[in-house]
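These notes concern the structure reproduced below.
The values are calculated or read from the model by the stated rules, or taken from the named source; none is laboratory data. Predicted model only: the values in this text are computed from it and were never measured. Cβ placement follows ideal geometry from the backbone for every residue including glycine, while neighbour counts extend to all protein chains displayed.
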Ligand code: HEC
């Protein structure tokens with residue numbers, strides 16, 4: 001019976017290292033992004049940050065519901081992927097809704113809103129849940145009255161829209177402006193560098209592993225660690 005000689009295992013390791021470096025090079029030379037069928041979405045352009053900020057406050061404000069307990073975020077929890085991860089959502093008076101809440105992340109890119117597409121965009125959609133008896137169970141008038149009773153909200157609406165009118169149109173416009181922002185998570189300014197960075201990191205890992213594999217046998221030889229000892233030489237093994 002013959003065991004691979006040290007020089008042949010060195011050759012193996014070398015071949016592996018070269019292969020790994022080659023694979024990393026291939027990865028780096030992957031076809032230009034322009035030819036890929038799935039393109040990254042354009043980063044959100046925030047033209048009016050104050051409007052987005054106001055929309056964010058409304059998004060998290062449970063006072064827009066009759067019970068004072070339910071906000072948009074209850075069913076579209078932004079820290080849980082923009083959904084409640086329940087089979088069907090729980091609305092006013094713990095009512096179990098008829099349907100699953102979809103994620104709101106990137107929902108501004110949808111052709112239409114809701115599972116059946118009945119709302120044309122985020123602005124048209126945003127008024128729905130506030131007045132839906134199974135969701136926030138409020139009315140648009142009550143929601144607007146509530147907001148008008150809070151001087152900070154009144155001031156902020158005035159600053160954002162440049163007029164004194166605070167109606168449901170302004171409320172839904174602000175929420176819709178915030179609705180665009182989760183896109184930032186999907187393709188922020190940093191996404192440009194992510195791919196090359198990943199290639200460098202993965203390539204580096206493969207190369208360093210391969211180099212270690214090459215170096216180890218050399219070091220073993222240099223410092224006199226005989227591989228035969230590890231195979232149990234002297235204990236009746238076949239090559240004794
Ligand atoms: C009680 C739970 C609940 C609350 C509160 C709620 N939603 Fe929803 N949301 C849903 C459900 C369920 C759907 C799917 C309904 C359908 O398709 O018929 C939905 C759908 C949506 C969609 C459509 C997403 C898509 O991919 O079609 C958006 C956007 C949205 N909600 C935003 C909001 C906003 C803004 C608020 C707050 C004003 C809000 N939701 C409050 C449960 C809720």
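Being in contact (Cβ under 8 Å) with a residue 40 or more places away in the chain, part of a helix (DSSP H, G or I), surrounded by 13 or more Cβ atoms within 10 Å (Cβ to Cβ) and within 13 Å of the ligand (Cβ to nearest atom) is the requirement here; does residue 173 meet it?
Details: in contact (Cβ under 8 Å) with a residue 40 or more places away in the chain: yes; part of a helix (DSSP H, G or I): yes; surrounded by 13 or more Cβ atoms within 10 Å (Cβ to Cβ): yes; within 13 Å of the ligand (Cβ to nearest atom): yes.
Yes: the conditions hold for residue 173.
Here are some residues: 28, 44. Which one is at pLDDT below 90, touching a helix residue (DSSP H, G or I) at 6+ places or on another chain (Cβ under 9 Å) and within 16 Å of the ligand (Cβ to nearest atom)? Outline the logic, then answer.
Numbers: 28 fails: within 16 Å of the ligand (Cβ to nearest atom).
From the options 28, 44, the qualifying one is 44.
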Problem set entry | Scan of region 104-116 for residues that are under 21 Å from residue 85 (Cβ atoms) and either within 8 Å of the ligand (Cβ to nearest atom) or not assigned by TED's automatic domain parsing to the domain that holds residue 147 (or both), ordered by number | 104, 107, 110, 113, 114, 115
For this session: Would you confirm whether any residue within region 81-103 is near the ligand (Cβ under 9 Å from one of its atoms), in a strand (DSSP E or B) and either under 16 Å from residue 176 (Cβ atoms) or not assigned by TED's automatic domain parsing to the domain that holds residue 172 (or both)?
Result: no
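Residue by residue through region 99-129, note down the ones that are out of contact with any strand residue (DSSP E or B) (no Cβ under 6 Å at 6 or more places or on another chain) and within 14 Å of residue 173 (Cα to Cα).
108, 120, 121, 122, 123, 124, 126, 127, 128
If you take the residues in region 117-146 that are near the ligand (Cβ under 6 Å from one of its atoms) and part of a loop (DSSP other than H, G, I, E, B), which one is surrounded by the fewest Cβ atoms within 10 Å (Cβ to Cβ)?
The initial filter retains those residues of region 117-146 that are near the ligand (Cβ under 6 Å from one of its atoms), namely 122, 125-126, 129-130, 135-136.
With the extra rule that they be part of a loop (DSSP other than H, G, I, E, B), the set shrinks to 135-136.
Numbers: 135: 23, 136: 25.
The residue in question is 135.
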